[in-house]
1. Could you work out how far apart the two model spin labels at residue 141 and residue 121 are, taking each label as a point 7 Å from the Cα in the direction of the beta carbon, and quote it in nm?
2. Enter the Cα centre distance for the pair the stretch 141-171 and the stretch 56-91, rounded to the nearest angstrom.
3. Normalised by the empirical 2.2 N^0.38 Å for globular proteins, what value does the Cα Rg of the stretch 80-155 take?
4. What order do you get for 82-91, 64-73, 158-167 when each peptide is scored by the mean count of other beta carbon atoms within 10 Å, highest first?
5. What's the extension gain from residue 52 to residue 189 if we count 0.36 nm per residue and subtract their Cα-Cα distance?
């Protein structure tokens, strides 16, 4: 039943995203390299309280693409004509979309600008909000980095939606990958809602423990 439900969600996502070009796209940014002696000036409030910034970065504003746990379980697609997936989660390196990890809330698995809804009557949904296109980072000659809230970002929606669509397609078209995705989703959905983040290695480790426990039962 759950697999059927997820399949329908995927198909709905494909339909919703079909208006965007699935052509190969070129990432524009690389992960920010903090050189020795550099620092992130996270204490700069930009006139916002910590709660205000948390809401600004990830508050749902009604633009929803997929359930949050689905998006966090998808893998990065290749640029092949018939896409497959890489051994890397879709949001592992958000800089290639022109996004940034959430330096203010390092425990969040979602980068700045990728939202999650809080409607208690439905599953958490992910999309984008104002901060996606209006948060940037600058640095000075002392090696300090500053987030600029309200500025212009380098976000490229065609890169993001293109990869999201191809990841969904690659997962749907490959039964083996869909099975692997579903196991990652089950692990992710079972996590406590405390901002816990699992990287690919941790997800694999948890999955192995789950399989071992099931086999021995």
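1. In this crude spin-label approximation the distance works out to 5.9 nm.
2. Their Cα centres are 12 Å away from one another.
3. Expressed relative to 2.2 N^0.38 Å, the Cα Rg reads 1.31.
4. So the order, starting with the most tightly packed, is 64-73, 158-167, 82-91.
5. That works out to 46.7 nm of additional length.
Readers should treat all values here as calculations from the given coordinates under stated rules, not as data from a laboratory. Worth saying up front: this structure is predicted, and the values here are computed from it rather than measured. Don't worry about glycine lacking a Cβ; one is built from the backbone with ideal geometry, like all the others, and counts go over all protein chains shown.
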